[in-house]
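K.L.:
Sharing a structure with you now.
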Amino acid sequence: MSAPPTARSSRSAPSTDAGQARRRSRRLRGSPLWPALFLAPTLLILGVFHLWPGVQTLWYSFTEWGAFGGTTFTGIANYARMLKDPEIIRSFLNTAVFTLIVMISIPIGTVLASMIERPGMRFRSLYRTLYFIPFVTMPAAVAIVWKIIFNGDFGVANWLLSLIGISGPYWLSTPPFALIAVSIVGMWSAMGFNLILLSAGVREIPRELYEAAEIDGASPLRQFFSVTVPLMTPSLFFVTIITVIQAFQQFDLIFIMLGTNNIALPETQGLVFIFYAQAFINNDKGYAAAIGILALVVIGLLTMLQFRLQKRWVHYD
Amino acid sequence: MRSLTRRSLLGLTTAAAVSGLAACGGSSSTPGGSDTTYSAAPEDLTAELRYAIWDKAQEPAMQKIVDGFTTKFPNITVSIDVSEFGSYWTKIQTEASSDSLPDVFWMNPPNFQLYAQNEILMPLTSMVDGGALAKENYTPAVWDLYRLDDVQYGVPKDNDAMAIWFNKKLLKEYGVDEPAEGWTWEDLRASAEAVVSGSGGDVYGFSGPVNSAGNHSWYNSVHQAGGYILNEDHTACGYDQPGTVEGVTFWRDLLADGLSPSIKQLTDTSFDDWFSSGKLAMAAGGTWQTQPFLEALGDDLGVISWAAGSAGNQVCVSGLSNVMPAVSKNPQASMAFLEYLGGEEAAIAQAESGVVIPAFNGAADPFYDSIETLDLRVFEDAIAQGFSNPATKNTKEWQSVELEMLLPVFTGEAEVESTCEELFTTINNLLAKE
């Protein structure tokens with residue numbers, strides 16, 4: 001806060017220099033330069049590492065690459081090719097299945113969150129930590145461990161199934177199962193992050209509402225559906241958006257759990273995996289850029305759709 | 001576009017050469033020439049080199065070579081940069097696109113032509129002319145693998161050859177005689193069957209990397225049955241040959257009859273893991289597996305030449321080379337290092353490590369004798385009689401189609417004959433486009 005003018009005028013012998021400096025500093029403080037200066041580091045990083053590569057990718061999507069760089073403009077050829085590519089169409093279906101399975105983590109997370117945040121719950125931080133560990137573990141390490149778990153001959157998954165008399169499939173090399181296995185791991189890894197966000201949502205619900213509901217004779221189940229769920233819809237909305245975006249960008253789990261020579265790959269790979277394969281295995285970086293742009297557009301559309309639909313189910317205070 | 005790139009590349013090469021030479025009080029360079037000229041490096045040459053390789057198992061031997069080199073040139077430091085095989089090539093390709101390649105790096109036959117034709121690699125003509133690199137020192141097959149249009153680009157490093165590894169203990173347990181030289185496909189199948197039936201299906205008889213690497217598996221049986229993958233001048237493929245069909249059928253039958261783990265099982269657990277863990281009695285492998293298998297099985301490990309088909313028991317012979325980029329920051333030091341890598345001292349260091357067979361003539365004895373319990377001489381015969389690894393400008397492209405189409409044959413979902421016919425047309429079309 002600058003000193004009020006009265007205070008200044010009451011001071012003895014205000015030097016003109018000091019007055020000017022003060023005026024200058026006030027001018028500077030009101031200057032629009034300040035916010036720009038504070039935003040600069042973030043904008044610079046965003047610009048260099050996100051925006052500019054994004055613009056470049058858009059440009060590359062209209063070109064064809066030589067083996068070692070050197071681009072030729074080819075117009076919309078890459079996009080035309082994409083429309084006819086059965087791999088791309090198939091990968092949408094795979095991504096959709098993956099996303100739906102991963103989204104199961106949201107209802108499960110909601111139930112778990114409301115249980116963990118129940119008043120009087122013991123070892124709350126322990127549970128939170130346990131559920132959060134998968135999220136902070138390196139995806140590559142997670143994928144390797146699950147790859148061993150799902151091993152057809154020596155994996156724990158099939159050993160457990162054998163205990164109840166089921167002979168399990170070769171999870172990671174048999175088409176529908178490979179996608180299911182990868183999705184299960186995706187769901188498991190998404191759980192921790194969702195749980196933390198949802199727990200915060202649960203904590204924000206005023207306790208009085210539960211007390212009131214209890215006095216009205218609502219069972220815990222009824223309380224969950226009539227108090228917890230409606231009041232958590234803003235958190236649920238956010239979690240859904242984040243989960244869909246992340247599920248759409250799934251790459252590392254498939255890459256490590258299945259590898260690049262897997263017969264189940266066509267029925268498992270998502271859009272980003274095809275992007276990788278085109279860019280770094282087939283070295284067709286122009287086409288890969290077009291696939292990247294497609295993924296961006298699809299994710300953008302899906303997010304927009306969710307924002308439209310939210311009016312029907314999200315309750316804000 | 002291309003000529004522009006080439007000209008700017010040349011400009012950079014020359015500039016780098018001039019500055020590199022100027023730094024050491026240099027001699028002459030050839031401005032506008034097609035490569036930087038070799039000249040013997042002075043002992044006080046100062047440089048920091050980066051040497052990129054992809055095999056962790058060879059790192060100690062490479063370090064030993066680097067130590068030998070830096071003793072001769074005390075002001076040069078060499079850092080070894082090891083990557084996993086798959087990411088190695090992604091990295092090299094990216095670095096090549098941005099002129100930031102390592103000073104010296106490993107090259108393999110499937111990738112060589114792509115890099116040489118795009119002028120990524122430094123032609124070593126001046127080293128050959130200057131007497132720093134002599135053809136007669138190396139296995140001819142490996143020397144020729146790194147030549148394009150009569151220009152040498154690679155300094156031969158090692159020889160790969162294939163053989164069959166076996167687990168003595170498992171064979172004994174199921175009453176199967178150890179394979180003897182001169183054995184045939186029929187003997188191999190009979191031994192594999194005996195292991196499978198003897199163990200009640202708990203242990204598999206014979207397998208290989210049939211789900212990932214043709215040159216380590218069916219390329220061998222194709223040649224052993226009189227077929228081929230590519231013709232002599234590498235312009236057409238041989239999938240129309242009866243021998244090729246027979247060679248593919250050999251593996252299909254092994255898989256179909258349950259003598260090998262299925263494709264799905266091999267995808268989950270690779271053949272070398274099946275072998276190392278004592279669940280597979282015999283495995284088609286190569287020289288580079290000597291140490292890992294020895295560590296896993298110890299004295300129970302045995303090795304024998306490939307079983308013979310109707311046309312012999314020849315196997316795919318290949319080898320790596322050391323190369324340097326056309327755009328080099330330290331051309332003189334890099335050439336000095338290449339010269340050392342191609343010399344006898346470096347070859348002996350490799351052989352003594354027992355990991356690979358050096359491509360330098362007469363230096364391989366320490367490798368063959370490195371393990372008392374194993375007759376590694378089988379690889380010497382294999383190298384002498386082998387055929388060279390099929391490679392073209394865009395090897396990766398047709399090989400990925402080849403594997404994609406053959407996998408359903410190996411799982412039993414597709415017919416051998418019709419798939420081979422289809423492959424014949426598909427691969428020939430791809431080769432025509434190269």
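K.L.:
Can you give the FRET efficiency for B:Ser83 and B:Glu178, using 1/(1 + (r/R0)^6), R0 = 41 Å, r = Cβ-Cβ distance, to the nearest 0.05?
P.N.:
E(calc), rounded to 0.05, equals 0.60.
K.L.:
Rounded to two decimals, what ratio of Rg to Rh does chain B give with C-alpha atoms and a Kirkwood Rh?
P.N.:
Taking Rg over the Kirkwood Rh, I get 1.00.
K.L.:
Can you list the HN-Hα couplings for segment B:102-108, worked out from phi with the Karplus curve (6.51, -1.76, 1.60; θ = phi - 60°), rounded to whole Hz and with x for Gly and Pro?
P.N.:
x, 5, 9, 8, 7, 10, 10
K.L.:
Just the number, please: buried accessible area between B and A, total of both chains, 1.4 angstrom probe, nearest 100 square angstrom. Please list the in-between numbers first.
P.N.:
Numbers: alone 17910 and 19510 Å², together 35600 Å².
Counting protein atoms only, the buried area is about 1800 Å².
K.L.:
Also, I was wondering about something else. Taking chain B as a Gaussian network, Cα atoms linked when under 10 Å apart, which of B:Ser217, B:Ser199, B:Ser97 shows the biggest mean-square fluctuation?
P.N.:
Of B:Ser217, B:Ser199, B:Ser97, the most mobile in the Gaussian network model is B:Ser97.
K.L.:
Comparing the chain by itself with all protein chains present, which residues of segment A:243-263 are at least 40 Å² less accessible (probe 1.4 Å)?
P.N.:
A:Asn261, A:Ile263
K.L.:
Around B:Phe73, what is the net charge, scoring Lys/Arg as +1 and Asp/Glu as -1 over all other residues with Cβ under 12 Å from its Cβ?
P.N.:
Computed value for this residue: -4.
K.L.:
Considering only protein heavy atoms and a probe of 1.4 Å, how much of the accessible area of chain B is carbon and sulfur, as a whole percent? Walk me through the numbers on the way to the answer.
P.N.:
Working: 8370 of 17020 Å².
The computed percentage sits at 49.
K.L.:
Too long at a 21 Å Cα-Cα cut-off: which of A:Lys285/B:Lys433; B:Lys168/B:Lys264; A:Lys285/B:Lys396?
P.N.:
The answer is B:Lys168/B:Lys264.
K.L.:
GNM, chain A, Cα, under 10 Å: largest mean-square fluctuation among A:Asn261, A:Asn282, A:Asn194?
P.N.:
Judging by the Gaussian network model, the answer is A:Asn261.
K.L.:
Also, quick follow-up: Output the residues of segment A:59-73 meeting this criterion: accessible area (heavy atoms, 1.4 Å probe) in the chain alone minus accessible area with all protein chains in place is 30 Å² or greater.
P.N.:
SASA drop of 30 Å² or more in segment A:59-73: A:Ala67, A:Phe68.
K.L.:
Just add up the charged neighbours of A:Gly292: K/R +1, D/E -1, any other residue whose Cβ is under 13 Å from the Cβ of A:Gly292.
P.N.:
Here the charged neighbours net out to 0.
K.L.:
Using the beta-carbon distance between A:Trp313 and A:Thr72 and R0 = 56 Å, what value does 1/(1 + (r/R0)^6) give for FRET efficiency, to the nearest 0.05? Intermediate values should be presented prior to the final figure.
P.N.:
Values: r = 49 Å, r/R0 = 0.87.
Computed FRET efficiency for A:Trp313 and A:Thr72 comes out at 0.70.
K.L.:
Please return the longest stretch of chain A lacking exposed loop sites, where chymotrypsin sites (Phe, Trp or Tyr not before Pro) count only if DSSP places them in a loop and at most 12 other Cβ atoms lie within 10 Å.
P.N.:
A:124-315
K.L.:
Report, by chain and number, residues whose modeled amide H sits under 5 Å from the one on B:Thr269, excluding near sequence neighbours (fewer than 5 apart, same chain).
P.N.:
none
K.L.:
Loop-only check: which chymotrypsin sites (Phe, Trp or Tyr not before Pro) in segment B:320-420 are DSSP coil with at most 15 other Cβ within 10 angstrom?
P.N.:
Here no chymotrypsin sites (Phe, Trp or Tyr not before Pro) fit, given the DSSP loop and packing criteria.
K.L.:
What full-extension length gain, to one decimal in nm, is calculated for B:Asp129 and B:Lys72 as 0.36 nm per residue of separation minus the Cα-Cα distance?
P.N.:
Length gained between B:Asp129 and B:Lys72: 18.3 nm.
K.L.:
Just to be sure I understand the interface: list residues from segment B:247-280 that lose 50 Å² or more of accessible area between the chain on its own and the complete protein assembly, 1.4 Å probe.
P.N.:
SASA drop of 50 Å² or more in segment B:247-280: B:Lys264, B:Thr267, B:Asp268.
K.L.:
Rounded to the nearest 500, what is the 222 nm mean residue ellipticity of chain B from helices alone, with -39500 (n - 2.57) per DSSP H run of 4+ residues and division by all residues?
P.N.:
For chain B, the value works out to -14000 deg cm²/dmol.
K.L.:
Take the solvent-accessible surface of the protein heavy atoms, probe 1.4 Å, and return the percent of it on segment A:53-193 that carbon and sulfur atoms account for.
P.N.:
The nonpolar share, carbon plus sulfur, comes to 75 percent.
K.L.:
What are the residues whose amide H is under 5 Å from the amide H of A:Thr74, where those residues sit 5 or more places off or on another chain and H is modelled from the backbone?
P.N.:
A:Thr63, A:Glu64
K.L.:
While we're looking at this one, here's another question. Which of the helices in chain B meet the span-like rule: DSSP H, Cα axial reach of 30 Å or more, Kyte-Doolittle mean at least -1.0?
P.N.:
Details: long enough: B:2-23 (31 Å, 0.61).
Qualifying helices: B:2-23.
K.L.:
Dividing the alpha-carbon radius of gyration of segment A:52-181 by 2.2 N^0.38 Å (N being the number of residues), what value is obtained?
P.N.:
Normalised by 2.2 N^0.38 Å, the Cα Rg of segment A:52-181 equals 1.58.
K.L.:
If I model a spin label as a point 7 Å beyond the Cα along the Cα-Cβ vector, how far apart are those points for A:Leu39 and A:Thr129 in nm?
P.N.:
4.1 nm
K.L.:
Treat each spin label as a single point 7 Å out from the Cα along the C-beta direction, and report the B:Lys168 to B:Ala384 distance in nm.
P.N.:
Each label point lies 7 Å from its Cα, and together they span 2.5 nm.
K.L.:
Another question about this same structure. Solvent-accessible area per residue for chain B at a 1.4 Å probe radius, Å²? Each step should come with its number before you reach the end.
P.N.:
Working: 17020 Å² over 434 residues.
Per-residue value: 39 Å².
K.L.:
Sticking with this structure for a sec: If you fit an axis through the alpha-carbon atoms of helix A:285-313 and take the longest principal axis of the Cα set of chain A, what angle between them do you get, 0 to 90°, nearest 10?
P.N.:
In chain A, helix A:285-313 runs at an angle near 70 degrees to the longest axis.
K.L.:
Find the centroid of the Cα atoms in segment A:256-317 and in segment A:138-164, then give the distance between the two in whole Å.
P.N.:
26 Å
K.L.:
For A:Glu64 and A:Trp52, calculate 0.36 nm times their separation in residues minus their Cα-Cα distance, and state this gained length in nm to one decimal.
P.N.:
Stretched out fully, the A:Glu64 to A:Trp52 stretch lengthens by 2.4 nm.
The values are calculated or read from the model by the stated rules, or taken from the named source; none is laboratory data. Because the structure is predicted, anything quoted here is derived from the model rather than measured. In this analysis, Cβ positions are derived from the backbone assuming ideal geometry, glycine residues included, and neighbour counts consider all displayed protein chains. The accessibility values were calculated without ligands, DNA or RNA, using every heavy atom of the protein model including side chains. Shrake-Rupley method; radii C 1.70, N 1.55, O 1.52, S 1.80 Å.
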